Amino acid sequence: MRKLIVCNIMSLDGYVAGPGDNVMVLPMDPAFDAYNLERLRAADTLLLGRTTYDGFRGFWPSVADDPDFTPTHWEISRRDDAIDKVVVSDSISEAETKPWQATTRIVRRADAHEQVAELKQQDGKEILVFGSHVLWNDLLAHGLVDELHLMVGAVVLGAGTPAFQGEPPVSLRLIDARKLEGSETLLVRYEVARKAE
């Protein structure tokens, strides 16, 4: 069975974006990029909500050929291009998945829990969720997330988009906590505790 891993950056006070959904106020430094690349190397499926998917496909495809970026960025771009992508959305059309049409599958929200559960039963590497906080909060609440990998940036935003919806409560078990090398960012990794059936 494959693991579903949520990997996200957040502020010390628990926001995944600042006011106006501005994610650029978070400290996305080279250590952040390196950890995201590590997660991409361990995955063979990206699971995204529409907003994050649109942001990624609007940014990453051209990065691999841009000399202004780093080798880490170039590899992220190539892996984002090649990896299987599942986008959960009721509004996106196939035409709106260019240039990633060949590697993207659209799942409607009403089918998401069943489709994600089926994905997890298949053979393969990790299923990775970046961004997409509405999607992963829903999957977390329905017992479909296996691990949370949260990068806690050294910033207090005071307002913005909270990381967690808070309903229902979810128990976690700490796997690892460490400062990312060359960064003020703390990585905390949690396993989602399963309820006894």
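Below, the figures for the structure above:
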| item | result |
| --- | --- |
| Spin-label model distance (nm) - Ile83 vs Leu172, 7 Å beyond Cα toward Cβ | 2.0 nm |
| Candidate lysines - alpha carbon under 27 Å from Lys85, same-chain residues fewer than 8 apart omitted | Lys3, Lys98, Lys120, Lys125 |
| Separation in nanometres of the label points that stand 7 Å from Cα toward Cβ, at Asp66 and Lys125 | 2.3 nm |
| Share, in percent, of DSSP beta bridges within the range 59-197 that are antiparallel, nearest 5 | 75 percent |
| Kyte-Doolittle mean at least -1.0, axial Cα span of 15 Å or more - DSSP H helices of the chain | 30-41 |
| Per-residue SASA entry for Met24, accessible area with 1.4 Å probe, Å² rounded to 10 | 140 Å² |
| Theoretical gain in end-to-end length, Arg41 to Met28 [0.36 nm per residue, Cα-Cα removed] | 2.8 nm |
| Structure-based [θ]222 nm, the chain - -39500 (n - 2.57) summed over DSSP H runs of at least 4, per residue, nearest 500 | -8000 deg cm²/dmol |
| Surface/4 estimate of mean projected area, convex hull on alpha-carbon atoms of the chain, nm² | 11.4 nm² |
| Ranking by accessible area, most exposed first, for His113, His142, His133 with a 1.4 Å probe | His142, His113, His133 |
| Computed label-point distance, nm, for sites Glu191 and Ala110 using a 7 Å Cα→Cβ extension | 3.7 nm |
| GNM top mover of Asp80, Asp123, Asp13 - the chain, alpha-carbon springs below 10 Å | Asp123 |
| Accessible area (Å², 1.4 Å probe, nearest 10) - Asp21 | 100 Å² |
| Check: the chain dipole with +1 on Lys, Arg Cβ and -1 on Asp, Glu Cβ, in debye | 400 debye |
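The values are calculated or read from the model by the stated rules, or taken from the named source; none is laboratory data. Remember, it's a predicted structure, so these values are computed and weren't measured experimentally. When we count neighbours, we look across all protein chains shown, and the Cβ atoms used for this are built from the backbone with ideal geometry, even at glycine. Areas reflect the complete protein model, heavy atoms only, side chains present, ligands, DNA and RNA absent. Shrake-Rupley method; radii C 1.70, N 1.55, O 1.52, S 1.80 Å.
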